[in-house]
Amino acid sequence: MTVLFPALQATPAKTALRFGDRALSYTELAAVAGSLAQQLRPLPRVAVWATPSLETSVAVVAALLAGVPAVPLNPKLGERELAHIVSDSAPALVLAEPGAVLPAGLAGVPRQDVELSGNATELPAEPHDEASALIVYTSGTTGPPKGVVLPRRAIATTLDALEDAWQWTADDVLVHALPLFHVHGLILGILGPLRRGGSVRHLGRFSTEEIAKALAEDGTMMFGVPTMYHRIATEVAGDADLAAALRGARLLVSGSAALPVHDHQRITAATGQQVVERYGMSETLMNTSVRADGERKPGTVGVPLRGVELRLVDDSGAAIESSDGETVGEIQVRGPNLFTEYLNRPDATTEAFTSGGGWFRTGDMATRDADGYLRIVGRKATDIIKSGGYKIGAGEIENALLEHPGVAEVAVTGEPDDDLGERIVAWVVPSGEPPAEQDLADHVARLLTPHKRPRTVRFLDSLPRNDMGKVMKRALNA
Ligand code: MCA
Ligand code: AMP
């Protein structure tokens, strides 16, 4: 049995979590999360209303201590997506910060406020390593998002592999502004520092000023998605304080999508820092990274992490043996960092793995150079869009838009965007007078979630289709 957070037992005299001017020491966190854990223990599963707050962190830590699987919910979830997640995951209650206004979609789920006032003196015995810890929802190409069931073993494994790759220690103070309902912000960004016995400083929302301030004070590391680094890269040459703060950091880490080499270069030119990229997925947690003590090669995602078996596979399913930096194959992985299953989706779980050998198919296409560094060059599915670091399935947006009375036919694609990496474009055949673009964006934000809204709408008389009647998306983008 792995103890996930040894520092909650040792309680070093230091800050564990800081959100703005509110903070909890390890002693305080152990007391409040320990006492909430006692209350949660009998429950089969809980949801967490994942605002960027101390309360969200306490709720998740308490659930982990209690051995109760937790489902973090994006507080901006629209009606349809929230209803799906609630019915799919059937939480026994929702943990929320006092004062948070919960939507009607959660009316049927009992609510418990997370109070920072517990005084447990003992932590419950933690469950076995294969026990489910978190269920994180992620988009696929079609259909509603799937719940990725992550066991405790995967969380401990990935965080310890990152300790090795990044020389991550209890002395690190991690600064970030990532949302707490995905792997990046929650598992790496909150559970990571807690497992190391270090500190987190969460900024609530991203701004370059707040990043500069936090790194200039006590921050040693920063995590961000490429959109955040792009905004830093755009400002840093003209902002001496930002440049100095970044220069003083021990490690800057980017992930969730590719960081363009141009942004790497602008940050390096202004600060001397070389941002480290790591590559992961909700289903696999972290697979590869550029190592803190290794050569930094911008545009690559580094080498496989400790314990991760990784291969590149050609179209016929055969492993590519050459490391020539040119031959492209699909990344497939195996190892203790992987998820257990998609919740209630045995079909999707089976399909996600190769029939021989049990390799997880990532759908990401890459090359490998002579030093073993991987360079991600694209994705197998054109229907997956990565915007602002969020994974978004074109199909779910198309389905939502088809419910709008002004839409007769629609196709959704991703287009390159300097800030977001990709922006969502809706190609719409209107059913009459074309609806307002804003109206379509609001419709998607209301049903699904705001980051899935189309940023551009293009009206057409008809969609290009092949003989089979299938929309030819590549022709649209061309
Ligand atoms: C705009 N808004 C709306 C509407 N339009 N709300 C309702 N209806 C509308 N029609 C709101 C948005 O909710 C948002 O509110 C604000 O207006 C601005 O929206 P947006 O433009 O989308 O935000 P942004 O400022 O451009 O955000 C950029 C960002 C964000 C901060 C970089 O995209 C972000 O936090 N990305 C992180 C994604 C991430 O963590 N991915 C990890 C998953 P408000 O400002 O209040 O929010 S990937 C993962 O976990 C794997 C394992 C990995 O490898 O990491
Ligand atoms: P998610 O399903 O939200 O966990 O997103 C996982 C996907 O994000 C991966 O399959 C990759 O396509 C992408 N991704 C994550 N990190 C990187 C990176 N450093 N470079 C390129 N793509 C990345």
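Quick notes on this one:
- Checking each residue in the stretch 308-334 for being within 18 Å of T157 (Cβ to Cβ) and open to solvent by 50 Å² or more (accessible area, probe 1.4 Å) picks out E309, R334.
- Residues that are touching a Gly at 6+ places or on another chain (Cβ under 7 Å) and open to solvent by 20 Å² or more (accessible area, probe 1.4 Å) were ranked within the stretch 446-478; the one that is farthest from G406 (Cα to Cα) is H451.
- If you filter the stretch 367-391 down to residues that are assigned to a strand (DSSP E or B) and away from ligand 1 (no atom under 14 Å from the Cβ), you find that the one that is surrounded by the most Cβ atoms within 10 Å (Cβ to Cβ) is R368.
- Evaluation of V86 against (1) farther than 26 Å from A31 by Cβ; (2) open to solvent by 20 Å² or more (accessible area, probe 1.4 Å); (3) touching a residue at least 40 places away in the same chain (Cβ under 8 Å); (4) among the hydrophobic types (A, V, I, L, M, F, W, C) (one fails), failing number: (3)
- In the set (1) more than 16 Å from ligand 1 (Cβ to nearest atom); (2) in a strand (DSSP E or B); (3) touching a residue at least 60 places away in the same chain (Cβ under 8 Å), V94 fails one condition alone, (3).
- Residue in the stretch 345-353 that is polar (S, T, N, Q), within 16 Å of ligand 2 (Cβ to nearest atom) and open to solvent by less than 10 Å² (accessible area, probe 1.4 Å) present: no
- Reported count of residues in the stretch 13-29, each being part of a strand (DSSP E or B), under 14 Å from L174 (Cβ atoms) and of a type in the set (D, E, K, R), is 1.
- Listed by first and then second residue, the pairs linking a residue in the stretch 253-279 that is within 11 Å of V225 (Cα to Cα) and in contact (Cβ under 8 Å) with a residue 24 or more places away in the chain to a residue that is open to solvent by 30 Å² or more (accessible area, probe 1.4 Å) and of a type in the set (G, A, S), with Cβ atoms under 8 Å apart and 6 or more places separating them unless they lie on different chains, are A257/G421; A258/G421; E277/A258.
- Taking the stretch 213-223 as the range and being closer than 17 Å to V253 by Cβ and assigned to a helix (DSSP H, G or I) as the test, the residues that pass are A214, L215.
- Scan of the stretch 1-56 for residues that are touching a strand residue (DSSP E or B) at 6+ places or on another chain (Cβ under 9 Å) and at pLDDT below 95, ordered by number: none
The values are calculated or read from the model by the stated rules, or taken from the named source; none is laboratory data. Keep in mind that what you see is a predicted model, and the values were worked out from it rather than measured. Note that we place each Cβ from the backbone using ideal geometry, even for glycine, and neighbour counts take in every protein chain shown. Heads up: the accessible areas ignore ligands, DNA and RNA and are worked out on the full protein's heavy atoms, side chains in. Shrake-Rupley method; radii C 1.70, N 1.55, O 1.52, S 1.80 Å.
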